[in-house]
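Contents: one structure, followed by commentary.
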Amino acid sequence: TPLQFLQLRCQEFVDKKLSSVGAVVTPDEKWHEFNVMAFAEWSWNARGRIPVDFARSYATITGICDPAFFAEWAVAAGRAGMELAESEFVNDTLMKPERMGKEFREYFEPVRLAKAAFRHKALNEGRQAEQLAGQTNVPSMALESMFTRAQLEAFDSMWISADYICAP
């Protein structure tokens with residue numbers, strides 16, 4: 001989950017005056033530790049630290065890698081993944097595969113990724129995050145970046161090929 005998306009949702013929860021929120025982390029909490037810690041912080045202080053400051057602090061405390069470098073990666077990865085998270089493409093691919101055929105463009109038309117400029121920008125940011133992650137020996141950074149880039153490419157491919165999928 002993109003860091004910026006987590007903070008945005010927590011701010012939304014505060015604005016709506018929710019008294020309780022929940023999160024499901026599967027299957028391994030350690031794999032999602034960064035996101036869990038961000039969610040924990042922003043669930044009690046939604047307008048506290050900005051994502052880059054949180055990422056820098058997380059890297060300092062955990063020693064995952066150079067804090068400034070980790071923060072740069074986390075923000076780049078968050079920008080790439082934000083559009084993907086907002087579109088719910090990954091969830092719909094898993095939960096509603098029928099939308100991946102004839103209904104694809106109709107269903108995803110309202111999301112910003114439907115616009116070529118947004119898709120290309122997100123893809124470029126995803127590739128940038130993947131390149132940054134490749135400069136470390138941190139598997140979680142590399143895998144998250146590869147997953148985001150691959151899903152953005154999948155969305156782009158589905159959007160482009162929808163004419164062929166939908167052809168009579």
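When only residues in the stretch 109-145 that are part of a helix (DSSP H, G or I) and touching a residue at least 60 places away in the same chain (Cβ under 8 Å) count, which is most open to solvent (accessible area, probe 1.4 Å)? So, considering only residues that are part of a helix (DSSP H, G or I) and touching a residue at least 60 places away in the same chain (Cβ under 8 Å), the one most open to solvent (accessible area, probe 1.4 Å) is E144. Within the set E72, E88, E33, the sole residue that is more than 21 Å from R9 (Cβ to Cβ), acidic (D, E) and under 18 Å from the mean Cα position of the chain (by Cα) turns out to be E72. In the set D66, D163, D53, only one residue is at pLDDT below 90, of a type in the set (D, E), open to solvent by 30 Å² or more (accessible area, probe 1.4 Å) and out of contact with any Ser or Thr (no Cβ under 8 Å at 6 or more places or on another chain); that residue is D163. Against the condition closer than 14 Å to P2 by Cβ, touching a helix residue (DSSP H, G or I) at 6+ places or on another chain (Cβ under 9 Å) and at pLDDT 90 or above, how does M141 come out, does it pass? Taking the combined requirement at face value, the residue satisfies it.
If you take the residues of the stretch 97-108 that are open to solvent by 70 Å² or more (accessible area, probe 1.4 Å) and assigned to a loop (DSSP other than H, G, I, E, B), which of them is modelled with the lowest pLDDT? Step by step, filter the stretch 97-108, then rank; the result is K102. The one condition from (1) surrounded by fewer than 17 Cβ atoms within 10 Å (Cβ to Cβ); (2) under 21 Å from Q11 (Cα atoms); (3) not hydroxyl-bearing (S, T, Y) that A80 does not meet is (1). Can you confirm whether A85 is part of a helix (DSSP H, G or I) and modelled with pLDDT under 90? Yes: the conditions hold for A85.
Of the candidates V36, V90, V14, the single residue that is among the β-branched types (V, I, T), surrounded by 14 or more Cβ atoms within 10 Å (Cβ to Cβ), assigned to a helix (DSSP H, G or I) and at pLDDT 90 or above is V14.
The values are calculated or read from the model by the stated rules, or taken from the named source; none is laboratory data. Since this is a predicted model, take the numbers as computed values, not measurements. So basically every Cβ, Gly included, is an ideal-geometry build from the backbone, and we count neighbours across all protein chains shown. All accessible areas refer to the heavy atoms of the entire protein, side chains included, with ligands and DNA or RNA removed. Shrake-Rupley method; radii C 1.70, N 1.55, O 1.52, S 1.80 Å.
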